[in-house]
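Beneath this line is the structure, given in structure tokens, with notes to follow.
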Amino acid sequence: MSNIIDGKALSLSLKEQMKERIVELEAQYGRKPCLAVIIVGDNPSSRSYVRGKIKAAEFVGMDSRLIELPEDISEQDLLAKIAEINAESAVDGLLVQLPLPGHINEDRVIDAIDIAKDVDGFHPQNVAKLWLGRPCILPCTPKGIVAMIDSTGVNISGKKAVVVGRSNIVGKPVAKLLLDRNATVTIAHSRTADLPAVCREADVLVAAVGRPEMITADMVKPGAIVIDVGINRIPCIKEDGSEGSRLVGDVQFPGVSEVAGWITPVPGGVGPMTITMLMQNTIECFLARMA
Ligand code: GUN
């Protein structure tokens, strides 16, 4: 059985530290960091993620604003809202929950966020800085993944890392952060030939594809660090015989946990760390704006 990387516990301890830090910041600067979150429409998953973000902000004692906008809002009105929040000096971080309704161009929305308040690290100027190795706001999920790998105490320098998935939010940026830790990084995806063989080479395997339980035990090198970014809801039959659903990752946990050296659970792994890194980024933006 592998060691479990407990994202929930790690998150909690980081948030406890932030709580104290925010008390100090308020005493020093006369106000707390403030995070604004925009959600458009009522996608249930997005609503649940956003609730988690606001709850975490409350937990660490920072200010937060939740801006709920209707599904049919025009792109122009959304951009106007972003401009309004960009201009508010008391707001340090702004994120727009993705995905957005089809009639809105996500690129234009991301481009509109003040780079100094871009707590997601999605703005092209932040992405460029990331790849150039300049100081920048790191995207939350990749930042949380690297923090979890660091928490194992395993030095991944010179090791092989395989990232399955090439999204702008996770796959591509986490590959860069692993490269910064001197791993030899492969980005695999749906067209990769013989994916199981590629995965079996990995000392660090990051699964970020959004396909329930696609990484099976035969795809994992014994002793590997396995990071499961997937959050998939699949149907199941509950104990009382009724139909329900349960959360699974992109990794088939029961089998893979017999082979891996370290593994993140779902839920309680990457998810809580992503939110905690968002809190950290908001504090970083606050400090940069106060400087
Ligand atoms: N949708 C899924 N993940 C994220 C994220 O990290 N940030 C935002 N803004 N939207 C998301």
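The values are calculated or read from the model by the stated rules, or taken from the named source; none is laboratory data. In this text, all values refer to a predicted model and were calculated from it rather than measured experimentally. Positions of Cβ are backbone-derived with ideal geometry, glycine not excepted, and every protein chain shown enters the neighbour counts. When the accessible area is computed, the model is the full protein with side chains, heavy atoms only, and any ligands, DNA or RNA have been set aside. Shrake-Rupley method; radii C 1.70, N 1.55, O 1.52, S 1.80 Å.
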Checklist line | Relative contact order %, the chain, counting alpha carbon pairs below 8 Å whose residues are six or more apart | finding: 22 percent
Next item on the list: Work out the length of the dipole vector of the chain about its Cα centre, built from +1 on the beta-carbon of each Lys and Arg and -1 on the beta-carbon of each Asp and Glu, and round it to the nearest 20 debye.
Entry: 680 debye
Note to self: For the chain, what does the helix formula give at 222 nm: sum of -39500 (n - 2.57) over DSSP H segments with n ≥ 4, over the residue count, nearest 500 deg cm²/dmol?
What the structure shows: -13000 deg cm²/dmol
Next item on the list: Please work out whether the range 116-217 counts as rounded, prolate or oblate from its C-alpha gyration tensor, where a ≥ b ≥ c are the square roots of the eigenvalues and a/c under 1.5 means rounded, while otherwise a/b larger than b/c means prolate and anything else oblate?
Entry: prolate
Next item on the list: List nothing, just return the count: lysine pairs in the range 1-131, 8 or more apart or interchain, with Cα separation under 21 Å.
Entry: 19
Item checked: Pairwise label distance in nanometres, Ile4 with Ser74, each label 7 Å out on the Cα-Cβ vector -> 5.1 nm
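Under 8 Å for C-alpha pairs, at least 6 residues apart: give me the relative contact order for the range 206-275, rounded to a whole percent.
39 percent.
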Next item on the list: In debye, nearest 20, what is the charge dipole magnitude of the range 79-231 about its Cα centre with +1 on Lys and Arg Cβ and -1 on Asp and Glu Cβ, if you could check?
Entry: 480 debye
Margin query: What are the equivalent ellipsoid semi-axes of the range 165-243, built from the alpha-carbon gyration tensor (square roots of five times its eigenvalues), in whole angstrom, biggest first?
Written below: 27, 15, 12
Notebook entry, point to check: Taking only protein heavy atoms and a 1.4 Å probe, what accessible area per residue, in Å², does the chain have with all protein chains in place?
Noted result: 47 Å²
Margin query: Averaging the inverse of every distinct alpha carbon separation and then flipping it gives the Kirkwood radius. What is it for the range 61-133, in angstrom units?
Written below: 13.1 Å
Margin query: Angle check, please: helix 7-29 long axis (alpha carbons) against the longest principal axis of the chain (alpha carbons), in degrees 0 to 90, nearest 10.
Written below: 20 degrees
Notebook entry, point to check: What share of all Cα pairs of the range 57-202, in percent, falls into each consecutive 10 Å distance bin?
Noted result: 10, 33, 31, 19, 8, 0
Notebook entry, point to check: If you take the charge dipole of the range 1-118 about its Cα centre, with +1 on Lys and Arg Cβ and -1 on Asp and Glu Cβ, which of Ile54, His103, Ile22 is farthest toward its positive end?
Noted result: Ile22
Next item on the list: Please name which of Phe122, Gly93, Ala288 has its Cα lying farthest along the dipole of the chain towards the positive end, using unit charges on Cβ (Lys, Arg +1; Asp, Glu -1) and the Cα centre as origin.
Entry: Ala288
Margin query: If I take every Cα pair under 8 Å that is 6 or more residues apart in the range 142-204, average their sequence separation and divide by the length, what percent do I get for the relative contact order?
Written below: 41 percent
Item checked: Size of the chain as Cα extents on the principal axes (Å, biggest first) -> 52, 45, 36
Check: Charges only on Cβ, +1 for Lys and Arg, -1 for Asp and Glu: so what's the dipole of the range 207-291 about the Cα centre, in debye to the nearest 20?
Finding: 300 debye
